[in-house]
Amino acid sequence: MHDLLFTNATLATMAGQKPYGLVENAALAVKDGRIAYAGPMADLPGGDAKETEDLKGALVTPGLIDCHTHLVYAGDRAGEFEARLLGKSYEEIARAGGGILSTVRAVRAASEDELVEASLPRLDALIGEGVTTVEIKSGYGLTPGDEMKMLRAARRLGEERPVRVTTTLLAAHALPPEFKNADDYIDHVCNDIMPAVANEGLADAVDGFCEGIGFSPEQIEKVFETARALKLKVKLHAEQLSDLGGAKLAARYGALSADHLEYLKPEDAGALARAGTVAVLLPGAFYYLRETKVPPVKALREAGVPMALATDCNPGTSPMTSLLLAMNMGCTLFRLTPEEALAGATRNAARALGFAEAGVLAAGMRADLCIWRARQPAELAYAIGANPLVKRVFAGRF
Ligand code: DI6
Ligand code: FE
């Protein structure tokens, strides 16, 4: 006997060869938090269930996965947004102690409870659109204690709400004000912050910001070596504002993902493909920074690099809490197809987190799914500001 059974569904399974892995006149059965069956009604084994719902043709997709966020933070940067529109440059603001360092100050001053409370509305917005797994990075603490406080707050969010949270240590995000030398700070990251975080099991992966205004490939390589020794998976903010070869470095370390990639050289797509590294595209940050250079989507597609889409939810460059909007922007700004956009927020997002049990509708997978007021999957990326979510199932429960 199944726990839950949906009949007359239109399934975008995101598995198999057909576009969207589409199955019409389909059934989906759930047992013990897992998908027991997803396929044609006609082949459904054993039709009885504790709870059955006729979906009358409604669309069902895997639960959405936001695989790149910085959603735990305190304060906001609306004043900075306003100052920029009144003519101040990003650099002037940074020199006056604003920008990313203003968020670092706010996070250091906040308690773990305050971080949880400030972050819940952002998480709730994502959940309200069907997100069932979310990755959350640290990176605004930049001391062992403050980075661990952020990661603990992130883990707690996953206890407060029916959502799976994966955590990423992003200590190599910015140079904290108490350090004058970036090499000294990277030594501190490798010798003190990473071992402390690993020791408490607070991070599922390690990330870095490889950029002129962040850290050099040589510095990031030290972080990756340390991650390897601590048996932590890696990912990297690479080629967002310039091409430092970060994506190739990430591929060399078998990274789960290389993220942003606006400045990736098309010929470097092959390295990502060979390493199985996912390209995580973040159109919200591209939009907010009014960037003009788009990531080399055609080269990524032709090389067979799996592409994911995420919100990059953060207070400075992408204050966005809508993964559906990221999907729309992925299509309008980066020219992804609606199918690539949905794969980017499901199957490939799961891969970017090394999470093999979600992202497609198939027997044995976690029963994380969304039921939409829609009949064709293209509707999800098509609208702006619409939220067609009817119901969300997490781990087999509404
Ligand atoms: N890239 C970004 O765009 C953000 N972090 C990063 O590594 C910026 C974060 C911020 O401005 O607060
Ligand atoms: Fe980011």
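Looking only at the stretch 291-325, filter to residues that are among the hydrophobic types (A, V, I, L, M, F, W, C) and farther than 20 Å from T132 by Cα; which one of those is surrounded by the fewest Cβ atoms within 10 Å (Cβ to Cβ)? Quick ask: steps written out before the conclusion?
Residues of the stretch 291-325 that are among the hydrophobic types (A, V, I, L, M, F, W, C), as a first pass: 294, 297, 299-300, 303, 305, 307-310, 313, 320, 323-325.
Retained after the next criterion (residues that are farther than 20 Å from T132 by Cα): 294, 297, 299-300, 303, 305.
Values: V294: 15, V297: 21, A299: 19, L300: 26, A303: 18, V305: 27.
The selected residue is V294.
Of all residues in the stretch 73-108, count the ones that are in contact with a Leu (Cβ under 9 Å, 6 or more places away or on another chain), away from ligand 1 (no atom under 11 Å from the Cβ) and open to solvent by 50 Å² or more (accessible area, probe 1.4 Å).
Residues that pass the stated criteria total 1.
Helices (runs of 4 or more DSSP H) wholly in the stretch 43-142 with at least 3 residues that are within 16 Å of ligand 2 (Cβ to nearest atom) - which ones?
Values: elements: 78-85, 90-95, 100-109, 112-127.
Helices (runs of 4 or more DSSP H) meeting the threshold: 100-109, 112-127.
May I ask you to say which residue of I220, I193 is open to solvent by less than 10 Å² (accessible area, probe 1.4 Å), touching a residue at least 40 places away in the same chain (Cβ under 8 Å) and away from ligand 1 (no atom under 16 Å from the Cβ)?
After applying the criteria, what remains is I193.
Return the residues of the stretch 262-290 that are surrounded by fewer than 20 Cβ atoms within 10 Å (Cβ to Cβ) and under 25 Å from L324 (Cβ atoms); say none if nothing qualifies.
Y287, Y288, L289, R290
Going through the stretch 165-197 one residue at a time, which ones are of a type outside the set (G, A, S), in contact with a Gly (Cβ under 6 Å, 6 or more places away or on another chain) and assigned to a strand (DSSP E or B)?
If the condition is that a residue be of a type outside the set (G, A, S), in contact with a Gly (Cβ under 6 Å, 6 or more places away or on another chain) and assigned to a strand (DSSP E or B), then V165, L170 are the ones that fit.
Given L300, L256, L282, L232, which one is in contact (Cβ under 8 Å) with a residue 60 or more places away in the chain and under 19 Å from P338 (Cβ atoms)?
Just a single option satisfies the conditions, and that option is L282.
Would you mind listing the strands (runs of 3 or more DSSP E) fully within the stretch 261-380 where at least 3 residues are over 30 Å from H2 (Cβ atoms)? Lay out the reasoning, then the answer.
Numbers: elements: 278-281, 307-309, 369-372.
By residue number, 278-281, 307-309.
When both residues are 6+ apart or on different chains and their Cβ atoms are under 6 Å apart, which pairs have a first residue that lies in the stretch 161-172 and is under 15 Å from D259 (Cα atoms) and of a type in the set (G, A, S), and a second that is away from ligand 1 (no atom under 13 Å from the Cβ) and modelled with pLDDT of 95 or more?
A172/V189; A172/V223
From (1) closer than 27 Å to C370 by Cβ; (2) away from ligand 1 (no atom under 16 Å from the Cβ), pick out the condition that doesn't hold for E114.
If we test E114 against (1) closer than 27 Å to C370 by Cβ; (2) away from ligand 1 (no atom under 16 Å from the Cβ), just (1) comes out false.
When only residues in the stretch 234-260 that are assigned to a helix (DSSP H, G or I) and open to solvent by 40 Å² or more (accessible area, probe 1.4 Å) count, which is farthest from ligand 2 (Cβ to nearest atom)?
Ranking the candidates gives R252 first.
The values are calculated or read from the model by the stated rules, or taken from the named source; none is laboratory data. Bear in mind that the values here come from a model prediction, so they are computed numbers and not experimental data. Every residue, glycine among them, receives a Cβ derived from its backbone with ideal geometry; neighbour counts consider all protein chains shown. Surface areas here come from the heavy atoms of the whole protein model, side chains and all, with no ligands, DNA or RNA. Shrake-Rupley method; radii C 1.70, N 1.55, O 1.52, S 1.80 Å.
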